[in-house]
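Below you'll find the structure, written out as structure tokens, and then a few comments.
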Amino acid sequence: MWVSEGGKGYGTQLINKWIEDAKKLSKKGVVVVTNAKTSWAPSQDFFLTNQFEVVDTAPYGFELLAYKFTNETLNPYFPNDWDDRVKKFHNLTILRSFQCPYVAIATENLVAAADKVNLQSMGVFFISH
């Protein structure tokens, strides 16, 4: 979600559309990852105002917020085995998906920066969803 002009209700309209679409698709709710410490991820305030709730947190300030359609729906969660997941990677390894158009530029910048400091890169791996 990207809204360049705040305070006009566009973000709330987008959230309402997500909720409507999720219900039409028989989903259990809507989930968003937030992080107030980054410039590229939203902070939780906007979502809390729109009835989302914090259901989990992860290292480096990441938060998982959910808008569940029923109280019986189980909370989504982040994995909790971060150290084990990292052990299989010995060099710079970038895992990314096609969800955000800005990720391609960020990936290119990371690879270029790694080259400048002679950090060996294992490459970029794409995750399908």
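Results, tabulated for the structure shown:
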item	result
Computed label-point distance, nm, for sites Lys87 and Lys27 using a 7 Å Cα→Cβ extension	3.4 nm
Ellipsoid equivalent to the stretch 21-69 - semi-axes via the Cα gyration tensor, in Å	21, 10, 9
Helix 10-24 axis, angle to the chain major axis (alpha carbon atoms, nearest 10°)	80 degrees
Exposure rank, largest accessible area first [Leu110, Leu92; 1.4 Å]	Leu110, Leu92
R0 of 35 Å, Cβ-Cβ distance Ala113-Leu48: FRET efficiency to nearest 0.05	0.55
Calculated FRET efficiency for the pair Asn16/Leu95, C-beta based, R₀ 30 Å, to 0.05	0.40
Translational D in µm²/s for the chain (Stokes-Einstein at 37 °C, 0.692 mPa s, Kirkwood Rh from C-alpha pairs)	192 µm²/s
Inter-label distance for Ala58 and Ser39, nm, one decimal - labels placed 7 Å from Cα along Cα-to-Cβ	2.2 nm
Chymotrypsin sites (Phe, Trp or Tyr not before Pro) within the stretch 31-129: DSSP coil, no more than 16 neighbouring Cβ in 10 Å	Trp40, Phe69, Tyr77, Phe89, Phe98
The chain - share of DSSP beta bridges that are antiparallel (%, nearest 5)	70 percent
Calculated SAXS-style log₁₀ I(q)/I(0) at q = 0.22, 0.27 Å⁻¹ - the stretch 1-49, Debye, Cα scatterers	-0.89, -1.14
Listed residues Thr38, Thr57 arranged by accessible area, highest first, probe 1.4 Å	Thr57, Thr38
Sparse-neighbourhood loop sites, trypsin sites (Lys or Arg not before Pro) in the stretch 1-60 - DSSP loop, at most 13 other Cβ within 10 angstrom	Lys8, Lys37
Anchor Lys116: aspartates and glutamates whose Cα lies under 19 Å away (excluding residues fewer than 8 positions away in-chain)	Glu108
21 Å Cα cut-off, lysine pairs counted over the stretch 1-114 (separation 8 or more, or different chains)	8
Built amide H within the under 5 Å cut-off of Ser43, gap 5+	Asn35
DSSP loop GluC sites (Glu not before Pro) with at most 13 other Cβ within 10 Å excluded, longest remaining stretch of the chain	6-71
Within the accessible area of the stretch 19-93 (1.4 Å probe), percent carbon and sulfur	52 percent
Mean separation of Cα contacts under 8 Å, 6 or more apart, over the residue count of the chain: relative contact order %	17 percent
Of Val103, Val117, Val86, the one that fluctuates the most in a GNM where the chain has Cα springs shorter than 10 Å	Val117
Point-charge dipole on Cβ atoms (K/R +1, D/E -1) for the chain, about Cα centre, debye to 20	260 debye
Accessible area expressed per residue, the chain, with surrounding protein chains retained (probe 1.4 Å, Å²)	76 Å²
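The values are calculated or read from the model by the stated rules, or taken from the named source; none is laboratory data. Worth saying up front: this structure is predicted, and the values here are computed from it rather than measured. Positions of Cβ are backbone-derived with ideal geometry, glycine not excepted, and every protein chain shown enters the neighbour counts. Note: areas computed on protein heavy atoms with side chains; ligands, DNA, RNA excluded. Shrake-Rupley method; radii C 1.70, N 1.55, O 1.52, S 1.80 Å.
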